[in-house]
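*Asks:* Please find one structure pasted underneath; my questions will follow.
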Amino acid sequence: MIKRLLALALVLVVAFLVFPLFAQMDERAEVGALAAAYLSDGPALLGAANLVTAVVVTYRGLDTLGEVTVLFAASAGISLVFGTLGRGTRSADAKNRDDSRSTGRQPPSELVETGAALLVPLIFLFGVFVFVHGHLTPGGGFQGGVVIASGVLFAFLAGTLHHAPHRLLGVLEIVSGAGYVAIGLLGVWLALGFLDPRFLPLGEIGRLFSGGAIPVIYVLVGVKVGAELSGVIDAMRQRSES
Amino acid sequence: MIVFLSVIGAMMVAAALVALYSKDIVGSIVAAGVVSLFASLLYLVYGAPDVAMTEAAIGSALTTVVFLFAWSRIREMEKNPSDEEGKR
């Protein structure tokens, strides 16, 4: 009872502290100085039709590199922990037990298999579209990569894909991660600073080949995120074939 | 408009309560995914399609699936505790 009262009192205190924020909140008619600079410079100097991309890849490019690094560390940790766990369960003893006792896993139905055969390529294509057009339409490397990973997940669930191509995933991760940093360094040498995309021609705004190196960076981010999340899914799922 | 947004917000709160208080773990996981789905709808309405895409793809799809995988692994371990000991 005392505990509940304390919790209630705590909630009230937090509400009291936060209330002024809500009370003072009103819609601002104009943007701040920094946002105004982004709004005018983003399309003019960087040639990015989707302004969010200009901010994410260029103005806050270092943050994006940090996010990719965090994701890499997380996926490496998951693969390490669950990879060894998976190998532990795949002892002969567990295998026999799995065979004798039905695990309750049904094989995917024909509908699911056929649907996956039809949809998985489309999902992959959509993911590639999202990150290739990151500088033109909403979305970008992260979103496209996640879409691709969900396609991989669908293929696993439908049984069209049994083993993840670990070597391919590793190579993709290495190449895209190193490529991202290399492009950042090219920005130092050929343009104004780290991750400056303007060493490639800006092109005409709104075209596919425009915005300097922004599309290249987003393609690399998309491939890296897709490969990493596919690795996470592969590490987490239960080995039905074990 | 305000009615629509209020309905979405109320459904988010309802789904969050279901996720907290449901006895069924799988139901809880799915309800948590539903919270994310409504959140992404809100982002879309407020004009942030980039964030909405991220939220829908990661928050409601991948996180739910990873939780479900983890839950099925936990149940498997509860069924065969010897497997877990063998790993140590």
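The values are calculated or read from the model by the stated rules, or taken from the named source; none is laboratory data. In this text, all values refer to a predicted model and were calculated from it rather than measured experimentally. Cβ placement follows ideal geometry from the backbone for every residue including glycine, while neighbour counts extend to all protein chains displayed. Surface accessibility is based on the protein's heavy atoms, side chains included, excluding ligands, DNA and RNA. Shrake-Rupley method; radii C 1.70, N 1.55, O 1.52, S 1.80 Å.
*Asks:* Take the residues in the stretch A:128-141 that are in a helix (DSSP H, G or I) and under 11 Å from the mean Cα position of the chain (by Cα), then tell me which one is surrounded by the fewest Cβ atoms within 10 Å (Cβ to Cβ).
*Replies:* So in the stretch A:128-141, the residues in a helix (DSSP H, G or I) come out as A:128-132, A:141.
Next cut, under 11 Å from the mean Cα position of the chain (by Cα) only: A:131, A:141.
Working: A:131: 27, A:141: 30.
Restricting to residues being in a helix (DSSP H, G or I) and under 11 Å from the mean Cα position of the chain (by Cα), the top hit is A:131.
*Asks:* Residue check: is residue A:231 crowded, with 17+ Cβ neighbours inside 10 Å and of a type in the set (Gly, Ala, Ser)?
*Replies:* Yes.
*Asks:* Open to solvent by 30 Å² or more (accessible area, probe 1.4 Å), more than 14 Å from chain A (Cβ to nearest Cβ) and within 22 Å of residue A:123 (Cα to Cα) - does that describe any residue in the stretch B:41-58?
*Replies:* Looking for residues that are open to solvent by 30 Å² or more (accessible area, probe 1.4 Å), more than 14 Å from chain A (Cβ to nearest Cβ) and within 22 Å of residue A:123 (Cα to Cα), one finds at least one in the stretch B:41-58, hence yes.
*Asks:* Another question, if that's okay. Does residue B:62 satisfy being open to solvent by 70 Å² or more (accessible area, probe 1.4 Å) and not aromatic (Phe, Trp, Tyr)? Show your work before the answer.
*Replies:* Numbers: open to solvent by 70 Å² or more (accessible area, probe 1.4 Å): no; not aromatic (Phe, Trp, Tyr): yes.
In short, no.
*Asks:* Next question. What is the one condition in (1) within 12 Å of another protein chain (Cβ to nearest Cβ); (2) surrounded by fewer than 19 Cβ atoms within 10 Å (Cβ to Cβ) that residue A:144 does not satisfy?
*Replies:* Among (1) within 12 Å of another protein chain (Cβ to nearest Cβ); (2) surrounded by fewer than 19 Cβ atoms within 10 Å (Cβ to Cβ), the lone unmet condition for residue A:144 is (2).
*Asks:* Only one of these conditions is not met by residue A:170: (1) under 20 Å from the mean Cα position of the chain (by Cα); (2) assigned to a helix (DSSP H, G or I); (3) crowded, with 19+ Cβ neighbours inside 10 Å. Which number is it?
*Replies:* Against the list (1) under 20 Å from the mean Cα position of the chain (by Cα); (2) assigned to a helix (DSSP H, G or I); (3) crowded, with 19+ Cβ neighbours inside 10 Å, residue A:170 comes up short only on (3).
Quick grid of which residues meet (1) among the aliphatic types (A, V, I, L, M); (2) open to solvent by 50 Å² or more (accessible area, probe 1.4 Å); (3) assigned to a helix (DSSP H, G or I); (4) on the phi > 0 side of the Ramachandran plot:
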{"position": "A:14", "(1), (2), (3), (4)": "yes, yes, yes, no"}
{"position": "A:29", "(1), (2), (3), (4)": "yes, yes, no, no"}
{"position": "A:53", "(1), (2), (3), (4)": "no, no, yes, no"}
{"position": "A:65", "(1), (2), (3), (4)": "yes, no, yes, no"}
{"position": "A:70", "(1), (2), (3), (4)": "yes, yes, yes, no"}
{"position": "A:76", "(1), (2), (3), (4)": "yes, no, yes, no"}
{"position": "A:84", "(1), (2), (3), (4)": "no, yes, yes, no"}
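*Asks:* Just checking, which of A:191, A:164, A:155 is more than 12 Å from chain B (Cβ to nearest Cβ) and modelled with pLDDT of 85 or more?
*Replies:* A:155
*Asks:* Restricting to the stretch B:1-29, name every residue that is among the small types (Gly, Ala, Ser) and either over 27 Å from residue B:72 (Cα atoms) or within 12 Å of the chain's Cα centre (by Cα) (or both).
*Replies:* Answer for the stretch B:1-29, where residues must be among the small types (Gly, Ala, Ser) and either over 27 Å from residue B:72 (Cα atoms) or within 12 Å of the chain's Cα centre (by Cα) (or both): B:6, B:9, B:10, B:15, B:16, B:19, B:27, B:28.
*Asks:* All but one of (1) in contact (Cβ under 8 Å) with a residue 60 or more places away in the chain; (2) not in a loop (DSSP other than H, G, I, E, B) hold for residue A:111; which doesn't?
*Replies:* Against the list (1) in contact (Cβ under 8 Å) with a residue 60 or more places away in the chain; (2) not in a loop (DSSP other than H, G, I, E, B), residue A:111 comes up short only on (1).
*Asks:* Restricted to the stretch A:188-228, and to residues that are without any contact (Cβ under 8 Å) to a residue 40 or more places away in the chain and in a helix (DSSP H, G or I), which residue is most open to solvent (accessible area, probe 1.4 Å)?
*Replies:* Restricting to residues being without any contact (Cβ under 8 Å) to a residue 40 or more places away in the chain and in a helix (DSSP H, G or I), the top hit is A:189.
*Asks:* Where residues in the stretch A:150-165 are part of a helix (DSSP H, G or I) and touching a residue at least 40 places away in the same chain (Cβ under 8 Å), which of them is most open to solvent (accessible area, probe 1.4 Å)?
*Replies:* Filtering the stretch A:150-165 down to residues part of a helix (DSSP H, G or I) leaves A:150-158.
If we keep only those that are touching a residue at least 40 places away in the same chain (Cβ under 8 Å) too, we end up with A:152-153, A:156-158.
Details: A:152: 19, A:153: 17, A:156: 21, A:157: 103, A:158: 0 Å².
Applying the filter and picking the extreme gives A:157.
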